[in-house]
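S.K.: To start, I am sharing the structure in question, which I have written as structure tokens.
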Amino acid sequence: MGLLSILRKLRSAPEKELRLLLLGLDNAGKTTILKTLASEDVTHITPTAGFNIKSVVSEGFKLNVWDIGGQRKIRPYWKNYFENTDILVYVVDAADKRRLEETGIELYELLGDEKLKEVPLLVYANKQDLPESLSASDLAQTLGLPSIKDRPWQIQACTASQASGVREGMEWACNTIKKK
Amino acid sequence: MVEMYTYIWLFVSYYVRPIYKWFLRKTTGLCELQRICYGAVSGAPRVRAVEKSLGASRSPQIAQLIAHLNNVSDNHRFVGQNGREIVSGAVSTVLLVKRINPRVHFQFVKSFGHCIQQIWGYRQLLADVESLRTTTYDPDNVEHERKLMLLWEALRPDEMLASRITKQWQDIGFQGDDPKTDFRGMGLLGLENLLFFASEYGNGPASHVLSHSLHPVHGYAFAIVGINLTSMAWQLLRDGHAKTYVYNTCKAVPSVRVFHQFYCYLFYEFDRHWLACRPKSMMEFSDIKTKFESNVKASLQDPNNVFSIRLADTV
């Protein structure tokens, strides 16, 4: 095999890069999901001041995952990261019933943004290990997800701290991109 | 190639080093530990050299002694009278093994004992800090809640909290209206550090830092950044970088207080660094923190560095 053909082969199967944006209220579990995806230790996480970014390979894609802090003061900066997003990943603490309304308002604000138009939405119903947490289907109803018609969406139950359910969500995300 | 170097290095350390040591012992009449204790500058240079020498020792008695001291410090038993007995026992063991006359070398006894205190005090400090970190903040624990309230009082002495759950917490840089979720992986350690900074340095550095954090453009979230700095301090302690600080500032067995002081030093320096970077928003935190961390590591590499909060430069 000549050098040229090797080069051609390399070029014919490039790893497609995807840009994933992880958003959600503070304490939803965004950084834990990010670290779980990167197979890192999740036992000493701190609140995200600013943002974190990591690249992970999954399903033949290179995922560039942006994890932006969720506190109210930095939510106005979220929009600086919207451009060229392939998948919007919205993380909800399913046990934090007190702030369900707030998380819904933030979500619909995102969905209404021009730059995120038609971007597929993956919602993680996180913290399923807590006794008071809502199931994925209850959360989908509460947030009114079935009324979303302008983009593919999916809700995925997960317990990020135990790495359960996170991969499944990513599989959906990658398959959705493949179908496009 | 790398393998070859490793091989040469192993050869040198295994065969050449003992010959070199034997030669020095015969010509100076002193063993390696004595040469270090008499020759090296006190503080980090001496303690680290003793640590390295003990670790490289091939004497089974020394190995046994190290295992014993590790066990004692991992179980938080290197304190008070027990601590003093352990130090004198360790010194006697080394005197016997190395055949050193304590009456002639009383200076060695003193200085070596101090090194033992430092080396295993550090190890114990790591265990103490780790048990604070793994204690999750619990709102049902009266003591935890009391400390949280003390933090508020120390930072905002002139303002009352309207209730336990309130937006006011955001004024000192927590994310939402209940701080309990912000301690996360740093547990009680994050709160203890903040409280120490706020109460011990309340009138000077901490209030300066808090006021800087409230700047409309170059401000940042005080408590959240503080918790991230706890994570940095803990990692520096764990990977051994903090040894320079501890060995150079501690006269006795290091306690958790020393860790809190190290944290205060970091927080104060971080604030200066942050302001000097003139960030446009909080979103620059990751980059600035990374840069700051490498600066700190570089200054901890210098074994002669003495760290203190330079109040004279306070704006």
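S.K.: Only one residue in B:Glu159, B:Glu145 is of a type in the set (Asp, Glu), surrounded by fewer than 16 Cβ atoms within 10 Å (Cβ to Cβ) and assigned to a helix (DSSP H, G or I), so which one is that?
M.R.: Working: B:Glu159 fails: assigned to a helix (DSSP H, G or I).
Answer to the check: B:Glu145.
S.K.: Residue check, B:Glu192 against (1) assigned to a loop (DSSP other than H, G, I, E, B); (2) modelled with pLDDT of 95 or more, all met but one. Which one?
M.R.: With (1) assigned to a loop (DSSP other than H, G, I, E, B); (2) modelled with pLDDT of 95 or more applied to B:Glu192, the lone miss is (1).
S.K.: Report whether or not B:Phe108 is part of a loop (DSSP other than H, G, I, E, B), surrounded by 19 or more Cβ atoms within 10 Å (Cβ to Cβ) and touching a residue at least 40 places away in the same chain (Cβ under 8 Å). Before the answer, list the steps.
M.R.: Working: part of a loop (DSSP other than H, G, I, E, B): no; surrounded by 19 or more Cβ atoms within 10 Å (Cβ to Cβ): yes; touching a residue at least 40 places away in the same chain (Cβ under 8 Å): yes.
For B:Phe108, the condition - part of a loop (DSSP other than H, G, I, E, B), surrounded by 19 or more Cβ atoms within 10 Å (Cβ to Cβ) and touching a residue at least 40 places away in the same chain (Cβ under 8 Å) - is not met.
S.K.: How many residues does segment B:215-264 hold that are of a type in the set (Ser, Thr, Tyr) and part of a loop (DSSP other than H, G, I, E, B)? I'd like the intermediate steps shown before the answer.
M.R.: Going through segment B:215-264, the residues of a type in the set (Ser, Thr, Tyr) turn out to be B:220, B:230-231, B:244-245, B:247, B:249, B:255, B:263.
Checking the rest, the ones that are also part of a loop (DSSP other than H, G, I, E, B) come to B:220, B:255.
Qualifying residue count for the region: 2.
S.K.: Can you name the condition, by its number, that B:Gly202 falls short on among (1) in contact with a helix residue (DSSP H, G or I) (Cβ under 9 Å, 6 or more places away or on another chain); (2) surrounded by fewer than 21 Cβ atoms within 10 Å (Cβ to Cβ); (3) part of a helix (DSSP H, G or I); (4) more than 13 Å from every other protein chain (Cβ to nearest Cβ)?
M.R.: For B:Gly202, the failing item is (3).
S.K.: Would you call A:Ile105 open to solvent by 60 Å² or more (accessible area, probe 1.4 Å) and at pLDDT 95 or above? Let's see the steps before the verdict.
M.R.: Working: open to solvent by 60 Å² or more (accessible area, probe 1.4 Å): yes; at pLDDT 95 or above: yes.
It is true that A:Ile105 is open to solvent by 60 Å² or more (accessible area, probe 1.4 Å) and at pLDDT 95 or above.
S.K.: Quick one: in segment B:165-189, which of the residues that are assigned to a loop (DSSP other than H, G, I, E, B) and open to solvent by less than 60 Å² (accessible area, probe 1.4 Å) is farthest from B:Ser131 (Cα to Cα)?
M.R.: Of everything passing the filter in segment B:165-189, B:Thr166 is farthest from B:Ser131 (Cα to Cα).
S.K.: Next question. For a quick check of your reading of the model, give me the residue pairs whose first member lies in segment A:157-171 and is free of Cβ contacts under 8 Å to residues at least 60 places away in the same chain, whose second is in a loop (DSSP other than H, G, I, E, B) and open to solvent by 70 Å² or more (accessible area, probe 1.4 Å), with beta-carbon atoms closer than 8 Å and at least 6 apart or on different chains.
M.R.: Correct list of pairs: A:Thr159/A:Asp129; A:Gln162/A:Asp129.
S.K.: Is it the case that segment A:118-127 has a residue that's open to solvent by 40 Å² or more (accessible area, probe 1.4 Å) and of a type in the set (A, V, I, L, M)?
M.R.: No, because not a single residue in segment A:118-127 is open to solvent by 40 Å² or more (accessible area, probe 1.4 Å) and of a type in the set (A, V, I, L, M).
S.K.: Additional query: Among the numbered conditions (1) within 30 Å of B:Ile62 (Cα to Cα); (2) open to solvent by 40 Å² or more (accessible area, probe 1.4 Å), tell me where B:Pro139 comes up short.
M.R.: All conditions are met except number (1).
S.K.: Restricting to segment B:125-136, count the residues that are open to solvent by less than 40 Å² (accessible area, probe 1.4 Å) and out of contact with any Phe, Trp or Tyr (no Cβ under 7 Å at 6 or more places or on another chain).
M.R.: So in segment B:125-136, the residues open to solvent by less than 40 Å² (accessible area, probe 1.4 Å) come out as B:125, B:127-129, B:132-133.
Now narrow it down to the ones that are out of contact with any Phe, Trp or Tyr (no Cβ under 7 Å at 6 or more places or on another chain): B:127-128, B:132.
Of the residues in that region, 3 qualify.
S.K.: Pull up segment A:35-73, narrow it to residues that are of a type in the set (Lys, Arg) and open to solvent by 50 Å² or more (accessible area, probe 1.4 Å), then point me to the one that is farthest from the other protein chains (Cβ to nearest Cβ).
M.R.: Selected residue: A:Lys62.
S.K.: Here is a further query. Find all pairs meeting these conditions: Cβ atoms under 9 angstrom apart; at least six residues apart or on different chains; first residue within segment B:277-292 and closer than 17 Å to B:Thr230 by Cβ; second residue open to solvent by 20 Å² or more (accessible area, probe 1.4 Å) and among the β-branched types (Val, Ile, Thr).
M.R.: B:Ser286/A:Ile53
S.K.: Another one. What do you reckon, is B:Ala154 closer than 29 Å to B:Val258 by Cβ, touching a His at 6+ places or on another chain (Cβ under 9 Å) and more than 14 Å from chain A (Cβ to nearest Cβ)?
M.R.: No; evaluated as a whole, the condition is false for this residue.
S.K.: Let me ask another. Scanning segment B:262-294 for residues that are at pLDDT 95 or above and among the polar types (S, T, N, Q), which turns out farthest from B:Ile119 (Cα to Cα)?
M.R.: By that ranking, first place goes to B:Thr290.
S.K.: So, in segment B:280-309, of the ones that are touching a helix residue (DSSP H, G or I) at 6+ places or on another chain (Cβ under 6 Å) and in a loop (DSSP other than H, G, I, E, B), which residue ends up most open to solvent (accessible area, probe 1.4 Å)?
M.R.: B:Val306
The values are calculated or read from the model by the stated rules, or taken from the named source; none is laboratory data. All figures in this text were calculated on a predicted structure; none of them were measured in a lab. So basically every Cβ, Gly included, is an ideal-geometry build from the backbone, and we count neighbours across all protein chains shown. To get the accessible areas, we keep the full protein, side chains included, count just its heavy atoms, and leave off ligands, DNA and RNA. Shrake-Rupley method; radii C 1.70, N 1.55, O 1.52, S 1.80 Å.
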